[in-house]
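Contents: one structure, followed by commentary.
The values are calculated or read from the model by the stated rules, or taken from the named source; none is laboratory data. From a predicted model like this one, the values you see are computed outputs, not experimental measurements. For accessibility, only protein heavy atoms count, side chains too; no ligands or nucleic acids. Shrake-Rupley method; radii C 1.70, N 1.55, O 1.52, S 1.80 Å.
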Amino acid sequence: EGNLEERMYLEGQTIIDEDLADDRCMYIILEGSVGICKKGEEVARVHKGGVVGEIAALGLVTRRSATVVAKETTYVLCLHQPVVVRGLELFPEDRHKILQV
């Protein structure tokens, strides 16, 4: 399993589904935008440079709190949970800063 995986999603494709178990990755949006939906209602938009899925990747929750859908062709970097956890282990002085978010 790689550290960073590039993925492309087309408009309307689901990136994270709040109702399904998943790989607990976090996603950095390189190009495009995504809609954050709770129970089918869009509550926010995240654009280039934004991050989604970080709460689950950090292990702070056991299930996703929202569905994330591409609003246009969107390119992301997918960071797998074991890499996130390892980063926190390697940089313990920054761990508290991240967990306060």
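Would you please classify the overall shape of segment 12-75 from the alpha carbon gyration tensor, given that a ≥ b ≥ c denote the square roots of the eigenvalues, rounded means a/c under 1.5, and beyond that prolate means a/b larger than b/c while oblate covers the rest? Intermediate results must be reported in sequence, preceding the final value.
Values: a/c = 1.85, a/b = 1.29, b/c = 1.43.
Oblate.
Once you keep just the Cα pairs under 8 angstrom separated by 6 or more residues, what percentage relative contact order results for segment 13-55? Kindly include the intermediate steps, with their values, before the conclusion.
Values: 50 pairs, mean separation 17.2, N = 43.
Normalised by residue count, the contact order of segment 13-55 is 40 percent.
Ignoring ligands, DNA and RNA, what percent of the accessible area of the chain is carbon or sulfur (1.4 Å)? Please report the intermediate quantities before stating the final value.
Details: 3340 of 6350 Å².
The nonpolar share, carbon plus sulfur, comes to 53 percent.
If you stretched the chain out fully between Arg86 and Glu31, how much longer would it get, using 0.36 nm times the residue separation minus the C-alpha to C-alpha distance? Kindly include the intermediate steps, with their values, before the conclusion.
Details: separation 55, 0.36 × 55 = 19.80 nm, distance 2.65 nm.
The Arg86-Glu31 span can extend by a further 17.2 nm.
Tell me the per residue accessible area of segment 11-73 using a 1.4 Å probe; a whole number in Å² is fine.
56
So what's the gap between the Cα centers of segment 1-63 and segment 74-94, to the nearest angstrom?
Distance between centres, Cα-based: 15 Å.
What number, in percent, do you get for the relative contact order of the chain if the mean sequence gap of Cα pairs under 8 Å and at least 6 apart is divided by its residue count?
Details: 206 pairs, mean separation 39.6, N = 101.
Reported relative contact order: 39 percent.
Pairing the Cα long axis of helix 81-90 with the longest principal axis of the chain, what angle in degrees results, from 0 to 90 and rounded to the nearest 10?
30
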